[in-house]
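J.: Handing you this structure, nothing more for now.
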Amino acid sequence: MLAESRGLSMEAEQLYRALLDGRPIMPGAELAELERFGLIRAGASGVEVCPPRAALSAFAAQHEAAAIRAREAAEVLGAAYSLRTGRDADFVEVLRSRDEVIATFEAMQTQAGADIVALDPGSYMSPKAEVSTVQPGSMARGIAYRVVYDSSVLQHDDGFAQVQSSIALGEQARVFPGLPLKLVIADSNRALIAVPNSDAGDVLALLIHPSMLLSALIELFESFWRMAVPVRAGGQDDAEAAREPTVATRRLLALLSGGLTDEAIARELGISERTVLRRISRLQELLGARTRFQLGAQASRQGWL
């Protein structure tokens, strides 16, 4: 199951392509891997190659199920927040002013001893993205930052610039669509949750101390981190990613997931095989996919297929 959660290995993908081309193969672990993924089956005349669409859909469905569970957890946690907005609890502090929220956020960073992780759907307090003034100093003393940004952040110039600026400092950044809440966790012992709606009255954020709720928030972050797509420095690639998927990209991915060879795809699109390879490599870079199988899974998860 661990191997399946990472996607098809490069060796197994190469074996699948060899089978498509009718080249002779030797039994091995890669053959068993293809069988586990449902990409081959035993036939009357030997090994038969199966279309990859169903396998890709099943793999993507696993990740979609994880996303649904994470969002359901966020709803449950949201109900817990509502219960606490009128009174304090031992593990929850209610923050009611903007200055208090900012001061707490900065203190979490300056006092952190190991790492800061966050889910960032964009700023609730300002229409413009904001770079923390404390982050550079914290990173300079060795604090690791991991942040999952909502994909909508990269679609605006200011949000795109913020992410690139943070990456330049050494932040590890990933992107995922539809993040359910704004969350910051420091050293796995304190979490800050922004409250975006008016139902909570004057409550702007909640500071969570060690508790089952904090543990659930940590798991929530890690779930989205595993599902998110890496964002790299070098703005052009990410600017292109923000504009995707184009009609041409959707068509290429549909043909690729249908099991067509590069030659057949090139013929269908009226381009050269070299151009097909170049476009596939570019999409793998944009989506952080090491293999074509992973590319299909990532594209499906992002709603590109």
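J.: Answer yes or no: is there a residue in segment 180-197 that is part of a helix (DSSP H, G or I), without any contact (Cβ under 8 Å) to a residue 24 or more places away in the chain and under 18 Å from Pro121 (Cβ atoms).
T.: Looking only at segment 180-197, we keep the residues that are part of a helix (DSSP H, G or I), and these are none.
Among the residues of segment 180-197, not one is part of a helix (DSSP H, G or I), without any contact (Cβ under 8 Å) to a residue 24 or more places away in the chain and under 18 Å from Pro121 (Cβ atoms), which makes the answer no.
J.: A follow-up question, please. Under 7 Å between Cβ atoms, at least 6 apart or on separate chains: pull out the pairs that start in segment 86-97 with a residue that is over 15 Å from Val195 (Cβ atoms) and open to solvent by 30 Å² or more (accessible area, probe 1.4 Å) and end on any residue that is at pLDDT 50 or above and assigned to a strand (DSSP E or B).
T.: Hits for this filter: Phe91/Ile208.
J.: Further, regarding this structure: Go through segment 260-305 and count every residue that is modelled with pLDDT under 85, closer than 24 Å to Gly22 by Cα and part of a helix (DSSP H, G or I).
T.: The total comes to 5.
J.: Here are some conditions: (1) modelled with pLDDT of 80 or more; (2) out of contact with any Leu (no Cβ under 6 Å at 6 or more places or on another chain); (3) hydrophobic (A, V, I, L, M, F, W, C). Val184 meets all but one. Which one does it not meet?
T.: (2)
J.: Exactly one of these conditions fails for Gly159: (1) in contact with a helix residue (DSSP H, G or I) (Cβ under 8 Å, 6 or more places away or on another chain); (2) closer than 14 Å to Ala118 by Cα. Give me its number.
T.: Here Gly159 meets the rest and fails (2).
Condition check ((1) of a type in the set (Gly, Ala, Ser); (2) open to solvent by 70 Å² or more (accessible area, probe 1.4 Å); (3) at pLDDT below 75; (4) assigned to a helix (DSSP H, G or I)) across all residues:
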| residue | (1), (2), (3), (4) |
| --- | --- |
| Ser5 | yes, no, yes, yes |
| Leu8 | no, no, yes, no |
| Arg17 | no, yes, no, yes |
| Pro27 | no, yes, yes, no |
| Leu31 | no, no, no, yes |
| Ala54 | yes, yes, yes, yes |
| Phe59 | no, no, yes, yes |
| His63 | no, no, yes, yes |
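J.: Residues in segment 145-160: is at least one assigned to a strand (DSSP E or B), free of Cβ contacts under 8 Å to residues at least 40 places away in the same chain, out of contact with any His (no Cβ under 6 Å at 6 or more places or on another chain) and surrounded by fewer than 19 Cβ atoms within 10 Å (Cβ to Cβ)? It would help to see each step written out before you state the result.
T.: Of the residues in segment 145-160, the ones assigned to a strand (DSSP E or B) are 145-150.
Right, trim to free of Cβ contacts under 8 Å to residues at least 40 places away in the same chain and you get 145, 147, 150.
Remaining after also requiring out of contact with any His (no Cβ under 6 Å at 6 or more places or on another chain): 145, 147, 150.
Checking the rest, the ones that are also surrounded by fewer than 19 Cβ atoms within 10 Å (Cβ to Cβ) come to none.
So far as segment 145-160 goes, no, none of its residues is assigned to a strand (DSSP E or B), free of Cβ contacts under 8 Å to residues at least 40 places away in the same chain, out of contact with any His (no Cβ under 6 Å at 6 or more places or on another chain) and surrounded by fewer than 19 Cβ atoms within 10 Å (Cβ to Cβ).
J.: Shifting gears a bit: Just checking, which of Glu106, Glu72, Glu130 is of a type in the set (Asp, Glu), under 19 Å from Leu214 (Cβ atoms) and either modelled with pLDDT under 85 or not in a strand (DSSP E or B) (or both)?
T.: Values: Glu106 fails: under 19 Å from Leu214 (Cβ atoms); Glu130 fails: under 19 Å from Leu214 (Cβ atoms).
After applying the criteria, what remains is Glu72.
Residue by residue, here is whether (1) at pLDDT below 85; (2) within 18 Å of the chain's Cα centre (by Cα); (3) farther than 21 Å from Ala107 by Cβ holds:
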residue	(1), (2), (3)
Gln155	yes, yes, yes
Glu171	no, yes, no
Asn189	no, no, no
Val195	yes, no, no
His209	no, no, no
Leu213	no, no, no
Met227	yes, yes, yes
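The values are calculated or read from the model by the stated rules, or taken from the named source; none is laboratory data. Model, not experiment: these values are computed from the prediction. Ideal geometry is used to build each Cβ from the backbone, glycine not excepted, and the neighbour counts take in all protein chains shown. All accessible areas refer to the heavy atoms of the entire protein, side chains included, with ligands and DNA or RNA removed. Shrake-Rupley method; radii C 1.70, N 1.55, O 1.52, S 1.80 Å.
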